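Engineer: Below you will find the structure I want to go over with you.
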Amino acid sequence: MRKIRMGMIGGGRGAFIGAVHRMAAALDGQIELVCGAFSSNPKKSKLSGKDFFLPADRVYGSYEEMIKKEKTLPVTERMDFVAIVTPNHVHFPPAKMALENGFHVICDKPATFNLKEAKALQKIVKKTGLVFALTHNYTGYPMVKQAKAMIAKGKLGKIRKIVVEYPQGWLSTRLEASDQKQAAWRTDPKKSGAAGAMGDIGTHAENLAEYITGLKITHLCADLHTFVKGRRLDDDGSVLLKFDNDARGVLMASQISAGEENNLRIRVYGEKGGLDWSQMEPNTLTARWLDKPVQLLRTGSAGIYPESSNATRIPAGHPEGYLEAFATIYLNFAQSVRAYQAGKKPKKQFSDFPTIEDGVRGMQFIEKVVASGKSKSKWTKF
């Protein structure tokens, strides 16, 4: 009966996503940060460790050093898992090394730099039997889980149409030409991978569509474009989708939609009705029906399914958002690690988080979208 011990790779001074992971991990009191290699710059890593009040001997100059030294510590002291919050090109090597040395892994999305690495990592996860989670954080929202449960219970009937969009406006200018760190690595193909906007936020849209509906994409037809002169990766794209139940879909991801913040939205239509959820208003799920009035379903309200209630922390009417959704993944991951340590299977609700299989799907989506965008025939088998 103790907290699960976390080691962090990346996420030092000036890193946005590292702070998000630390707050999310701490929210439910199940996890504590005990060590880290917070930067590829050893000096910066040490300074970051001071910021987080860690003992100097548990702050490392590289992830290789951290994994090797933590493994030599007594089981009662060493980290239980690593959180990887680096740019995309530094996901696979530390994940591989951590798993092969007996440490569980939670990784920021996408899982790896390319599909080849994702498939290799999938084999390692399977071989080791360790817990691997991917932070597609939007799956952690209570109303997203409500939508998923309603569809699984057949409330909409057979799904016919899925429309998912993720417009942002922060890259409407060539921000990467300044000292903006987040823009610089996300628009660099050597660090981000084969896709820009479609890899960064398009994968969130793809994952959300498959998670909520339980369907799998079978074919896609993509149009990718780069609007900002001098940018090396796509900053806007649209994709037509076919799903394994013959449903049709449209996916849009854009980082040049001027004025937009993080307006992720998904609409799912079945034979009996439709559901509409937006990340900008996350506590509300709108249900539209053929034969009755529109319903507004609210987080924490009466009649909400257990799948949603399990991800709800505070009474109805109090906003729950981005950090709480992130924290739900960390909580379920931590409870799965506890079950592993006890030699048991985790409860069903604690198995509800994105895994390496979702990571492989995401990397396959990127590869196929890029291929379709370049193809004259367009429709590409997933």
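Engineer: Could you check region 77-179 for helices (runs of 4 or more DSSP H) lying wholly inside it with 2 or more residues that are assigned by TED's automatic domain parsing to the domain that holds Ala194? Steps first, please.
Structural biologist: Details: elements: 92-100, 115-128, 142-152.
Fully inside region 77-179 and qualifying: 142-152.
Engineer: Sort through Thr112, Thr72, Thr86 and tell me the only one that's without any contact (Cβ under 8 Å) to a residue 24 or more places away in the chain, farther than 26 Å from Glu307 by Cβ and β-branched (Val, Ile, Thr).
Structural biologist: On the way: Thr112 fails: without any contact (Cβ under 8 Å) to a residue 24 or more places away in the chain; Thr86 fails: without any contact (Cβ under 8 Å) to a residue 24 or more places away in the chain.
None of the others qualify; the one that does is Thr72.
Engineer: For a quick check of your reading: which strands (runs of 3 or more DSSP E) sit entirely within region 221-322 and have at least 1 residues that are assigned by TED's automatic domain parsing to the domain that holds Ile201 and among the small types (Gly, Ala, Ser)?
Structural biologist: Values: elements: 236-243, 248-254, 265-270, 273-278, 284-289, 295-298.
Once the strands (runs of 3 or more DSSP E) in region 221-322 are filtered for at least 1 residues that are assigned by TED's automatic domain parsing to the domain that holds Ile201 and among the small types (Gly, Ala, Ser), what remains is 236-243, 248-254, 265-270, 273-278, 284-289.
Engineer: Among the residues of region 108-115, is there at least one that is of a type in the set (Lys, Arg), under 23 Å from the mean Cα position of the chain (by Cα) and over 27 Å from Met252 (Cα atoms)?
Structural biologist: Residues of region 108-115 of a type in the set (Lys, Arg): 109.
Still in the list and also under 23 Å from the mean Cα position of the chain (by Cα): 109.
Subset that is over 27 Å from Met252 (Cα atoms): none.
For region 108-115, residues of a type in the set (Lys, Arg), under 23 Å from the mean Cα position of the chain (by Cα) and over 27 Å from Met252 (Cα atoms): absent.
Engineer: Right, here's the next one. Taking region 342-357 as the search range and keeping residues that are part of a helix (DSSP H, G or I), out of contact with any Asp or Glu (no Cβ under 8 Å at 6 or more places or on another chain) and touching a residue at least 24 places away in the same chain (Cβ under 8 Å), which one is surrounded by the fewest Cβ atoms within 10 Å (Cβ to Cβ)?
Structural biologist: Going through region 342-357, the residues part of a helix (DSSP H, G or I) turn out to be 348-351, 356-357.
Pick out the ones that are also out of contact with any Asp or Glu (no Cβ under 8 Å at 6 or more places or on another chain) and you get 348, 350-351, 356-357.
Next, from what is left, pick out any that are touching a residue at least 24 places away in the same chain (Cβ under 8 Å): 356-357.
Numbers: Ile356: 24, Glu357: 15.
Across region 342-357, the extreme among qualifying residues is Glu357.
Engineer: What number of residues within region 3-26 satisfy the criterion of being in a loop (DSSP other than H, G, I, E, B) and of a type in the set (D, E, K, R)?
Structural biologist: So in region 3-26, the residues in a loop (DSSP other than H, G, I, E, B) come out as 3, 10-15.
If we keep only those that are of a type in the set (D, E, K, R) as well, we get 3, 13.
Qualifying residue count, region 3-26: 2.
Engineer: For region 29-45, indicate whether the set of residues that are closer than 20 Å to Asn137 by Cα, within 23 Å of the chain's Cα centre (by Cα), in the same structural domain as Val85 (by TED's automatic domain parsing) and not in a strand (DSSP E or B) is non-empty. Write out each step before concluding.
Structural biologist: Taking region 29-45 as the starting set, the residues that turn out to be closer than 20 Å to Asn137 by Cα are 29-33.
From what's left, within 23 Å of the chain's Cα centre (by Cα): 29-33.
Next cut, in the same structural domain as Val85 (by TED's automatic domain parsing) only: 29-33.
Retained after the next criterion (residues that are not in a strand (DSSP E or B)): 29-30.
Yes, some residue in region 29-45 is closer than 20 Å to Asn137 by Cα, within 23 Å of the chain's Cα centre (by Cα), in the same structural domain as Val85 (by TED's automatic domain parsing) and not in a strand (DSSP E or B).
Engineer: When residues of region 259-314 are filtered for being buried (at least 17 other Cβ atoms within 10 Å of the Cβ), closer than 21 Å to Lys161 by Cβ and charged (D, E, K, R), how many remain?
Structural biologist: The qualifying residues number 3.
Engineer: Return the total of residues in region 202-223 being surrounded by 21 or more Cβ atoms within 10 Å (Cβ to Cβ) and in contact with a Leu (Cβ under 9 Å, 6 or more places away or on another chain).
Structural biologist: 11
Engineer: For the list (1) within 25 Å of Phe113 (Cα to Cα); (2) buried (at least 22 other Cβ atoms within 10 Å of the Cβ); (3) touching a helix residue (DSSP H, G or I) at 6+ places or on another chain (Cβ under 6 Å); (4) not charged (D, E, K, R), I need the number of the one condition that Gln364 fails.
Structural biologist: Only one criterion in (1) within 25 Å of Phe113 (Cα to Cα); (2) buried (at least 22 other Cβ atoms within 10 Å of the Cβ); (3) touching a helix residue (DSSP H, G or I) at 6+ places or on another chain (Cβ under 6 Å); (4) not charged (D, E, K, R) is unmet by Gln364, namely (2).
Engineer: Can you tell me which residue is farthest from the chain's Cα centre (by Cα) among those in region 121-149 that are charged (D, E, K, R) and within 22 Å of Ala327 (Cα to Cα)?
Structural biologist: Going residue by residue through region 121-149, those that are charged (D, E, K, R) are 123, 126-127, 145, 148.
Among the residues that remain, those that are also within 22 Å of Ala327 (Cα to Cα) are: 145, 148.
Working: Lys145: 15, Lys148: 17 Å.
Here the residue is Lys148.
Engineer: Is at least one residue of region 329-340 within 16 Å of Met143 (Cβ to Cβ) and of a type outside the set (A, V, I, L, M)? Quick ask: steps written out before the conclusion?
Structural biologist: To start, the set of residues in region 329-340 that are within 16 Å of Met143 (Cβ to Cβ) comprises 329.
Next cut, of a type outside the set (A, V, I, L, M) only: none.
So far as region 329-340 goes, no, none of its residues is within 16 Å of Met143 (Cβ to Cβ) and of a type outside the set (A, V, I, L, M).
Engineer: Oh, and also: Filter region 154-183 down to the residues that are free of Cβ contacts under 8 Å to residues at least 24 places away in the same chain and either more than 26 Å from Met198 (Cα to Cα) or surrounded by fewer than 17 Cβ atoms within 10 Å (Cβ to Cβ) (or both) and list them by number.
Structural biologist: Passing the criteria: Gly154, Ser178, Asp179, Gln180.
Engineer: From the list Leu264, Leu215, Leu220, Leu241, exactly one residue is in contact with a Gly (Cβ under 7 Å, 6 or more places away or on another chain), in contact (Cβ under 8 Å) with a residue 40 or more places away in the chain and not aromatic (Phe, Trp, Tyr). Which is it?
Structural biologist: Leu241
Engineer: Check whether at least one residue in region 11-18 is aromatic (Phe, Trp, Tyr) and within 29 Å of Arg313 (Cα to Cα), and report yes or no.
Structural biologist: So in region 11-18, the residues aromatic (Phe, Trp, Tyr) come out as 16.
Of the ones still in play, those that are also within 29 Å of Arg313 (Cα to Cα) are 16.
Yes, because at least one residue in region 11-18 is aromatic (Phe, Trp, Tyr) and within 29 Å of Arg313 (Cα to Cα).
Engineer: Considering each residue of region 294-310, count those that are closer than 22 Å to Val20 by Cβ and either modelled with pLDDT of 95 or more or more than 23 Å from the chain's Cα centre (by Cα) (or both), and give that number. Spell out how you get there, then give the answer.
Structural biologist: Let us first name the residues in region 294-310 that are closer than 22 Å to Val20 by Cβ, namely 299, 310.
Those still in the list that are either modelled with pLDDT of 95 or more or more than 23 Å from the chain's Cα centre (by Cα) (or both) too: 299.
The number of residues fulfilling the criteria is 1.
The values are calculated or read from the model by the stated rules, or taken from the named source; none is laboratory data. What you see is a predicted model, and the numbers here were worked out from it, not measured in a lab. Reconstructed Cβ throughout: ideal geometry from the backbone, glycine too, with neighbour counts over all protein chains shown.
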